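Enquirer: Just passing along the structure, written as structure tokens.
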Amino acid sequence: MLFSSKGKHRRPSKAVRVATLAGVAGAAVAVPLMGATGASAATASEWDAVAQCEAGGNWSINTGNGYYGGLQFSSSTWAAYGGTAYASTADKASKAQQIAVAEKVLASQGKGAWPNCGVGLSAASTGSAPAAAPQKQERTEQPTTRSQERKAPAAPKQESKKTVETPAGKKVKKGDGEYKVKAGDTLSTIAEAHDTKGGWAKLFKLNKDIVEDADLIYPGQQLHLK
């Protein structure tokens, strides 16, 4: 396996800690216990497949989309799982270093961290010790990898209110002019109050896209005055 130092990023198992406290000779006892309960991490070829899916196999990619490296880490996830110990962003770290961080993400979040590209990853074995939780969790609903962003449903677009409702319940165009019609207004009174050259006829011409009848304007409509 390409990456073999993942043990440095994982808390020692309970069995190892007990053996150490009991004063049993370190390496001779700890290694078999680790072998019995250690995580079954993803293989190098599996990570290569994820990188191929996420970034075309380019481990140094930075397209400016907010996700970096072969496994497309966001900056917050890279920092939360210790990646800044290697480089400021994943694209500046080596392949092995990116995999080191990815192993911790996999142990903590599972394959779902790469929902589109991580289906072939080996899951951690049942008896493995959990990865250390990030010291600081950012309160954000942003995906942690590019793959998650692609899977996340787009937020519904909030349409701006472009109509107003008449007293009769009919919807008419609102417009985007600088003057907002009030109850009792007419084109003539508005033109007079604002010294519009050309009077009501000029206002009607300026707002013919929203005013269908010069005698009918409605509160809430926004008219152009010039």
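Enquirer: Taking into account only those residues within region 216-226 that are farther than 18 Å from GLY169 by Cα and in a loop (DSSP other than H, G, I, E, B), which is least open to solvent (accessible area, probe 1.4 Å)?
Expert: For region 216-226, the residue satisfying everything is LEU225.
Enquirer: Looking at region 56-78, which of its residues are touching a residue at least 24 places away in the same chain (Cβ under 8 Å), assigned to a helix (DSSP H, G or I) and open to solvent by 10 Å² or more (accessible area, probe 1.4 Å)?
Expert: Correct list: SER76 only.
Enquirer: Further question: Filter region 80-98 for residues that are assigned to a helix (DSSP H, G or I) and within 18 Å of GLY66 (Cα to Cα) and give the result.
Expert: ALA80, GLY83, THR84, ALA90, ASP91, LYS92, GLN98
Enquirer: Please specify each residue of region 198-211 satisfying the condition of being in a loop (DSSP other than H, G, I, E, B) and at pLDDT 90 or above.
Expert: ASN207, LYS208, ASP209, ILE210, VAL211 - these are the residues of region 198-211 that are in a loop (DSSP other than H, G, I, E, B) and at pLDDT 90 or above.
Enquirer: Which residue pairs have Cβ atoms closer than 7 Å, lie 6 or more positions apart in sequence or on different chains, and pair a first residue in region 104-119 that is under 18 Å from TYR67 (Cα atoms) with a second residue that is of a type in the set (Val, Ile, Thr) and open to solvent by 40 Å² or more (accessible area, probe 1.4 Å)?
Expert: LYS111/VAL119
The values are calculated or read from the model by the stated rules, or taken from the named source; none is laboratory data. Treat the numbers as computed from the prediction; the structure is a model and nothing was measured. Ideal geometry is used to build each Cβ from the backbone, glycine not excepted, and the neighbour counts take in all protein chains shown. Note: areas computed on protein heavy atoms with side chains; ligands, DNA, RNA excluded. Shrake-Rupley method; radii C 1.70, N 1.55, O 1.52, S 1.80 Å.
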